[in-house]
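The values are calculated or read from the model by the stated rules, or taken from the named source; none is laboratory data. Because the structure is predicted, anything quoted here is derived from the model rather than measured. No Cβ is skipped: glycine too gets one built from the backbone with ideal geometry, and neighbour counts run over all protein chains shown.
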Amino acid sequence: MAYDHFVEHLFPNDLIPTLKRRLNNILGHEKADVIENKIESAIRVLKKLDQFEVVHVIKTWANSWASTFRFHEDKRLPCLLGCPSGQDCMKHYQSRLSLHTIVYDALGKGDDWSEFADLGIANPSREGLRA
C-alpha cells in the first residue's frame, strides 16, 4: 500500500495535462478554451472506441506520429501529401484542406469539417474521434 502511494507521488498520471499542452501546440492557443472545457468529455467518448482506435486518437492528440520535424531530422521532408510549401509535421497535416476532404468524403460527411478541424474535441462523438 505504501509503495503504491510512493509510486503515485513520484510518477503521477499526467495524461490529461500532457494532452492539453500538446493539443494547444497543434490546434493553436485560440482553441485553448475548447480543449480545457471538452477534453474530459472527449476522453469519456474515447473509452467507447476499440483499443486500436484509442491508440490512434491518443497518438494524434499527443503529436506522437512519426515525422521528420518531430524527430528533428537533419533532412526534413516536405508535406507527404504534396503541398509545395507544407512541412512534414502534425500541425500542417491537421490544417490541410485536402486531408479534410479525403477523410470527410470517405465518411460521407460532405463539406462539414468542424469535427476534424478540432480533432474531435469540441463536439466529441465516436464518428468524430474515428475521423
Next item on the list: Pull up segment 3-23, narrow it to residues that are in a helix (DSSP H, G or I) and among the aromatic types (F, W, Y), then point me to the one that is nearest to D118 (Cα to Cα).
Entry: F6
Next item on the list: Could you tell me whether segment 85-97 includes any residue that is touching a Leu at 6+ places or on another chain (Cβ under 7 Å) and among the acidic types (D, E)?
Entry: yes
Next item on the list: Consider only pairs whose beta carbons are under 9 Å apart and that are at least six residues apart or on different chains; among these, list those whose first residue lies in segment 22-43 and is over 21 Å from V55 (Cβ atoms) and whose second residue is modelled with pLDDT under 85 and of a type in the set (K, R).
Entry: N24/K31; G28/K91
Item checked: Residue list for segment 24-58, filter: among the charged types (D, E, K, R), outside any loop (DSSP other than H, G, I, E, B) and modelled with pLDDT of 90 or more -> R44, E53
